[in-house]
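Read through the structure below, which is laid out as structure tokens, and then see the notes.
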Amino acid sequence: DERRLATLSAWRETPFFTPRERAALAWTESLTLVSQTHAPDEDYELATAEFSPKEMVDLTVAITTINAWNRLAIGFRKMPQA
């Protein structure tokens, strides 16, 4: 819902996300900021407790694909159209 979208950037501080969603968000942050986080074991363990091995692959591929798109857009100076 709109409230969850509005608070997504503060997901750790809000009660609006399920444990499974929190695990996905933590894994997303870990991989997106891998140069800073080094994908900590605790985030991996949290994610693997919520997701099957196939789901972990699917989630990780989605995260890395979106990160690749973002890096391409940044590199080629793409901006959202008005």
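The values are calculated or read from the model by the stated rules, or taken from the named source; none is laboratory data. Only a predicted model underlies this, so the values are computations on that prediction, with no experimental measurement involved. Please note: Cβ atoms are built from the backbone with ideal geometry, for glycine as well, and neighbour counts cover all protein chains shown.
Looking only at residues of the stretch 37-82 that are over 15 Å from the mean Cα position of the chain (by Cα) and not in a helix (DSSP H, G or I), we find that the one that is modelled with the highest pLDDT is S52. Residues that are within 15 Å of P19 (Cβ to Cβ) and among the charged types (D, E, K, R) within the stretch 39-79 comprise E42, D43, E45, E50, E55, listed in sequence order. If only residues of the stretch 40-53 that are touching a helix residue (DSSP H, G or I) at 6+ places or on another chain (Cβ under 8 Å) and without any contact (Cβ under 8 Å) to a residue 12 or more places away in the chain are counted, the one that is farthest from N67 (Cα to Cα) is T48.
Any residue in the stretch 23-36 that is out of contact with any Gly (no Cβ under 8 Å at 6 or more places or on another chain), hydroxyl-bearing (S, T, Y), outside any helix (DSSP H, G or I) and exposed (fewer than 10 other Cβ atoms within 10 Å of the Cβ)? No.
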